[in-house]
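Quick one: the structure is below, questions incoming.
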Ligand code: NAD
């Protein structure tokens, strides 16, 4: 229970990786504020999460800045602090055939939507949460990037790859400025992890992908969450501005 007394905010926590992270943080004793735009899925997740620890659920679309202001203000008023911020909410816009949209057929609309959810919302959440962390001289920021932002984006579309590379740059920039205040800012870059987002590709495509991963399988949300909970712990105090790859060896640095 090393995170007892820590307040953790997780975006996109109704399912997939975000739910795995909320679960793992709650199991380690953190008070988790699980956010998602999907109210019904969030409520189903809440039933499971509340059995593990102290968890609050709140509907938040991370592109709604007024709602984000109200949410952060409310958390600040009720808890007085946020120790851990996990920016996980993300989208991957697909074409009508369910596959990635090639650059040559890409649209400005899909680009803007992807940038807004996958990159700008991370900036906006950090802008609202980091000042109090600086005041308190403690904080753990973990941004969920992607293998697509780290190396050759074989399966991701242009906007997604650009946004995720942007998340890594944004995180390094924050780390550069705030590490002196006892705050760490890091990314976790998932490879192929079994979630609703990845299941849209189909079982066959995921099995083919798995054959090309040194581990010969795709990952689980709990394997991804393990890296996040480590970075969220007080012990990870000298790790800042880095990216942890969780990909079964698919991309090695
Ligand atoms: P998912 O689609 O299964 O879950 C994403 C969650 O984010 C959903 O609950 C969704 O409602 C929420 N969300 C989306 N837009 C939102 C918004 N505007 N406001 C609030 N919540 C919103 O996806 P996942 O696979 O669990 O992905 C989680 C994160 O991991 C994403 O940032 C994704 O880009 C990243 N990622 C996933 C993989 C993978 O293999 N699953 C690989 C690389 C990166």
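Taken together, the values in this text are just the output of simple stated rules run on the coordinates, not laboratory data. None of the values given here were measured: they were computed from a predicted structure. Heads up, the Cβs are rebuilt from the backbone with ideal geometry, glycines too, and the neighbour counts pull from every protein chain shown.
Which peptide among 218-226, 126-134 comes first, and what is the full order, when sorted by highest mean count of other Cβ atoms within 10 Å? Intermediate values should be presented prior to the final figure.
Values: 218-226: 19.8, 126-134: 18.0.
Result, highest mean Cβ count within 10 Å first: 218-226, 126-134.
Could I ask something else about it? Once you compute Rg and the Kirkwood Rh from C-alpha atoms, what is the Rg to Rh ratio for the chain?
Result for the chain is an Rg/Rh of 0.95.
If I model a spin label at residue 79 and residue 226 as a point 7 Å from the Cα along the Cα→Cβ vector, what separation in nanometres do I get?
The answer from the label model is 2.6 nm.
If each residue's Cβ is checked for other Cβ atoms within 10 Å, how do 65, 208, 170 rank with the fewest at the top?
208, 65, 170
State, in angstrom, two size descriptors of the stretch 94-218 derived from its alpha carbons: Rg to one decimal place and Dmax to the nearest whole number.
16.7, 50
Compute the distribution of all C-alpha to C-alpha distances in the stretch 169-231, in bins of 5 Å from 0, and list the percent of pairs in each, rounded to whole numbers.
Bins of 5 Å from zero give 4, 15, 20, 17, 13, 11, 10, 6, 3, 0 percent of pairs.
Would you please report the Å³ per residue occupied by the convex hull of the alpha carbon atoms in the stretch 8-55? Mind dumping the intermediate values first?
Values: hull volume 2.4 nm³, N = 48.
Looking at the stretch 8-55, the number lands at 50 Å³ per residue.
Also, quick follow-up: Quick one: grab the alpha carbon gyration tensor of the stretch 103-150, order the square roots of its eigenvalues as a ≥ b ≥ c, and give me rounded if a/c is under 1.5, else prolate or oblate depending on whether a/b is larger than b/c.
It is oblate, given that a/c is not under 1.5 and a/b is not larger than b/c.
Based on the mean of other beta carbon atoms within 10 Å per residue, what is the order of 174-184, 69-79, most packed first? Let's see the in-between values first.
On the way: 174-184: 17.2, 69-79: 14.3.
Listed from highest to lowest mean packing, they are 174-184, 69-79.
For the ranges 140-152, 100-112, what's the packing order if you count other beta-carbon atoms within 10 Å of each residue, average per peptide, and put the highest first? All intermediate terms of the calculation are to be shown ahead of the outcome.
Numbers: 140-152: 23.8, 100-112: 13.2.
Taking the mean over residues of other Cβ atoms within 10 Å, the ranking is 140-152, 100-112.
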